[in-house]
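The values are calculated or read from the model by the stated rules, or taken from the named source; none is laboratory data. For clarity, every value in this text was computed on a predicted model and none was experimentally measured. Backbone-built Cβ (ideal geometry, glycine too); neighbour counts: all protein chains shown. Only protein heavy atoms, including side chains, enter the accessible area calculation; ligands, DNA and RNA are left aside. Shrake-Rupley method; radii C 1.70, N 1.55, O 1.52, S 1.80 Å.
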Amino acid sequence: MGSRDIPADITNRLANDQQKVGFAVNLSFDSGAVNLWTGTQNFTGSDGITYTAAGEFLSISGVEETSELSSTSLVITISGQNADIVGYATTENYQSRPVSLKMFFFHPDTEQEVDKVILFKGRMDTLTVTEGNSFNVIVACENQLIDLTRPKNSFFTPEIVM
């Protein structure tokens, strides 16, 4: 499998010494979406989605890209008290709901969005709420390619037509 084609303007931007990037997550639930990003002010991206600033309270781990056709996972940790995500975590069915992770590029001087790249698209697998010294919501996500490794429990039988 060949490598992903990265647009020339992003390749050029990555070659510069001065970078300004932000990561945004979109967690879809039946009654609405939770859109958060790593910035300190709310932001409406070129995708038309308004992301709520989470700053250091949003942590993303497990982002991986391989040259093979394989399933990768993603872990999103939201710290602090976010009423929307807590409500969704405790009252809604979150499993297999869509999730995406995007990386936004900003101009270092004007802070205007220049471009974006989708880093991950998949589904929520588990959602854990931890309390104690700090309050965390941990969302483990899986790529849709994981379905290729699961056994199929459906059987097809031929029907005889007379």
When the range 98-139 is examined, which residues are found to be open to solvent by less than 30 Å² (accessible area, probe 1.4 Å) and of a type in the set (Gly, Ala, Ser)?
Ser100, Gly122
Hey, can you tell me all the residues within the range 8-51 that are open to solvent by 70 Å² or more (accessible area, probe 1.4 Å), without any contact (Cβ under 8 Å) to a residue 60 or more places away in the chain and either in a strand (DSSP E or B) or under 11 Å from Lys116 (Cβ atoms) (or both)?
Thr44, Thr50
When you go through (1) touching a strand residue (DSSP E or B) at 6+ places or on another chain (Cβ under 8 Å); (2) at pLDDT below 85; (3) over 18 Å from Tyr51 (Cβ atoms) one by one for Val114, which number turns out not to apply?
(3)
So, Val137, is that one among the aliphatic types (A, V, I, L, M) and under 20 Å from Ala33 (Cα atoms) or not?
yes
